[in-house]
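Heads up, the thing below is written out as structure tokens.
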Amino acid sequence: MADGDGLGEAASAAASPPAPAPGLNLSLGWRERLRAGLAGTGASLWFVAGLGLLYALRVPLRLCENLAAVTVFLNSLTPKFYVALTGTSSLISGLIFIFEWWYFHKHGTSFIEQVSVSHLRPLMGGTESISEAGSPSSNRESETSRQNLSECKVWRNPLNLFRGAEYRRYTWVTGKEPLTYYDMNLSAQDHQTFFTCDTDFLRPSDTVMQKAWRERNPPARIKAAYQALELNNDCATAYVLLAEEEATTIVDAERLFKQALKAGETIYRRSQQCQHQSPQHEAQLRRDTNVLVYIKRRLAMCARKLGRIREAVKIMRDLMKEFPPLTMLNIHENLLESLLELQAYADVQAVLAKYDDISLPKSAAICYTAALLKTRTVSDKFSPETASRRGLSTAEINAVEAIHRAVEFNPHVPKYLLEMKSLILPPEHILKRGDSEAIAYAFFHLQHWKRIEGALNLLQCTWEGTFHHVSVYPKKELPFFIHFTAGLCSSTAMIALLTHQFPEIMGVFAKASEEFRRLDSAASSRQKRGSITEWHERRLWSQTAFL
């Protein structure tokens, strides 16, 4: 998630061992290959040793007698046993198929495949090959893989709504849940990462909140937050949970966040004084820092939603200056949206100049805001007919290229900005360059595009003239073998069930089908014999006529 990347990447960088010297790469690869060969030979030796032990213990274990008893048992089984066994196996296979089908449509992947890759493969020793750590090509490949991973993983939406004050209102009106279980599960993981640490057992209120973040039921989480406040009235994370989920208005959420800020600042100063005493105190300081930054950020969003935009901008700027290592929290995207609302386009350009860098992960907010600023200078006088006659000016070319860059980054956004697709409430997590990011961007920035005259017109002309077909990820379809297995299991289970319930009727059907098969075989044989006889008669007639 995006919110944890700043501290997570720093911790992983500090914990990773140093790369070996370039001169040791060849010896390291040779050792790894030798170790792999010995491991394979050892497995073969263990297998042979097991067979030898089994042969040596064949008399004490009476393997021959037991094998003969098993053979007698199998020969004494009746057909009813095999019918029951087939029916039971078919029923179990059908239940497994139904569960797989439901899991596939809900999560887009196979449950058995996910368990095999995530849990069984590490136990069986299935690991990727180790590349040479010190080579420049390896470093470049790892850098490319990290960049691709940063663009493809799920990020926390920097403009996510409040659950109690905004998402719940949608539930009250429509009776539907605006968030998916997968989205809420990711948020629960974020909360456990940001708001808990290994020293929670030292304070009873933190221990209660550690359990609260793991609760799936919202009333249970709210009840646990009140229990934590009874134990410690200055529990900042308890106020955070109540502000997010119990407050029904933005005003109530802001009031609770202010209480959380007062408690969070006290705990943060206390952790700063003890941070160098032990690694546990350092972990506690990181947790308290995350809590404080989260509270200030949500207070800025409350001020933005209540119309106090300049106050929100000040809080965000102070937050970015006070905690510069936490730039991966994407607070600059909140700042961009607030500055656009103030129509402070010079300040927006200054923020883009700082964060629209090739070394930083891109986003739809950065790309499309840059396109909006360049479109703003030419959109009021732009006309497709005039541009086709005289050609594009330099400023118009720059605007068109900026739109091209934005659409190439996320091609789903124009349909929402042009209102060709209906907007819904944005999720709490987004996939970079995906439809969820397009929804989150258009939900907050559509008004900024409408405010600038002709901006949407230029976007539509550029988009329709260049990007006729938007490439979308193909929808997963069920493979043929799943349909075939489902039909086979269902038919076998149905036949077994009917045979068990109505043995006489099914016996009549079996005899009738056998008789039909026999008659059909006899008819085929007669037809074949008739064809051979007719052939012989024609041959004899032809020979007689020739004579």
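Values as computed for the structure displayed
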read-out: Check on T207, β-branched (V, I, T) and under 21 Å from N157 (Cβ atoms); value: no
read-out: Boolean, T289 is crowded, with 23+ Cβ neighbours inside 10 Å and not acidic (D, E); value: no
read-out: Residues within segment 378-392 that are under 15 Å from A455 (Cα atoms) and open to solvent by 90 Å² or more (accessible area, probe 1.4 Å), tallied; value: 1
read-out: Count of residues meeting criterion [within 22 Å of the chain's Cα centre (by Cα), of a type outside the set (A, V, I, L, M), closer than 18 Å to P178 by Cα and open to solvent by 40 Å² or more (accessible area, probe 1.4 Å)] in segment 412-461; value: 2
read-out: Count of residues meeting criterion [hydroxyl-bearing (S, T, Y) and not in a helix (DSSP H, G or I)] in segment 231-263; value: 2
read-out: Residue under evaluation G307, criteria (1) of a type outside the set (A, V, I, L, M); (2) at positive phi; (3) assigned to a helix (DSSP H, G or I), criterion not met; value: (3)
read-out: Positions within segment 174-213 being surrounded by 19 or more Cβ atoms within 10 Å (Cβ to Cβ) and either small (G, A, S) or free of Cβ contacts under 8 Å to residues at least 12 places away in the same chain (or both), in sequence order; value: S187, D200, S205, A212
read-out: Inter-residue pairs, beta-carbon under 7 Å, first among the basic types (K, R) and in segment 159-170, second assigned to a helix (DSSP H, G or I) and modelled with pLDDT of 90 or more, 6+ apart; value: R163/E244; R163/E245
read-out: Condition met for R168 (under 30 Å from D234 (Cβ atoms), modelled with pLDDT of 85 or more, open to solvent by less than 50 Å² (accessible area, probe 1.4 Å) and of a type outside the set (A, V, I, L, M, F, W, C)); value: no
read-out: Lone unmet requirement of (1) over 24 Å from A247 (Cα atoms); (2) open to solvent by 30 Å² or more (accessible area, probe 1.4 Å) for A283; value: (2)
read-out: Hits in segment 80-122 - residues which are of a type in the set (S, T, Y), at pLDDT below 75 and open to solvent by less than 90 Å² (accessible area, probe 1.4 Å); value: T109, S110, S116, S118
read-out: Sole residue being at pLDDT below 70 and assigned to a helix (DSSP H, G or I), chosen from A39, A69; value: A39
read-out: Odd one out for S471 among (1) open to solvent by less than 90 Å² (accessible area, probe 1.4 Å); (2) modelled with pLDDT under 65; value: (1)
read-out: Which listed residue is surrounded by fewer than 18 Cβ atoms within 10 Å (Cβ to Cβ) and either among the hydroxyl-bearing types (S, T, Y) or at negative phi (or both), from E245, E265, E254; value: E265
read-out: Residue list for segment 183-230, restricted to those being within 24 Å of I430 (Cβ to Cβ), out of contact with any helix residue (DSSP H, G or I) (no Cβ under 7 Å at 6 or more places or on another chain) and in a helix (DSSP H, G or I); value: D183, M184, N185, L186, S187, A188, Q189, H191, Q192
read-out: Residue check for R297: open to solvent by less than 40 Å² (accessible area, probe 1.4 Å), of a type in the set (K, R), out of contact with any Phe, Trp or Tyr (no Cβ under 9 Å at 6 or more places or on another chain) and at pLDDT 85 or above; value: yes
read-out: Residues (without any contact (Cβ under 8 Å) to a residue 24 or more places away in the chain and either under 17 Å from C235 (Cα atoms) or polar (S, T, N, Q) (or both)) located in segment 280-308; value: L285
read-out: Lone unmet requirement of (1) of a type outside the set (S, T, N, Q); (2) free of Cβ contacts under 8 Å to residues at least 12 places away in the same chain; (3) part of a helix (DSSP H, G or I) for H276; value: (3)
read-out: Any hit, segment 323-340, residues being assigned to a loop (DSSP other than H, G, I, E, B) and either at pLDDT 90 or above or among the acidic types (D, E) (or both); value: no
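The values are calculated or read from the model by the stated rules, or taken from the named source; none is laboratory data. Keep in mind that this is a model prediction, so the values were computed, not measured. Quick reminder, even Gly has a Cβ in these numbers, built from the backbone with ideal geometry, and neighbours come from all protein chains shown. For the accessible areas, the whole protein counts, side chains as well, though only heavy atoms, and no ligand, DNA or RNA atoms are used. Shrake-Rupley method; radii C 1.70, N 1.55, O 1.52, S 1.80 Å.
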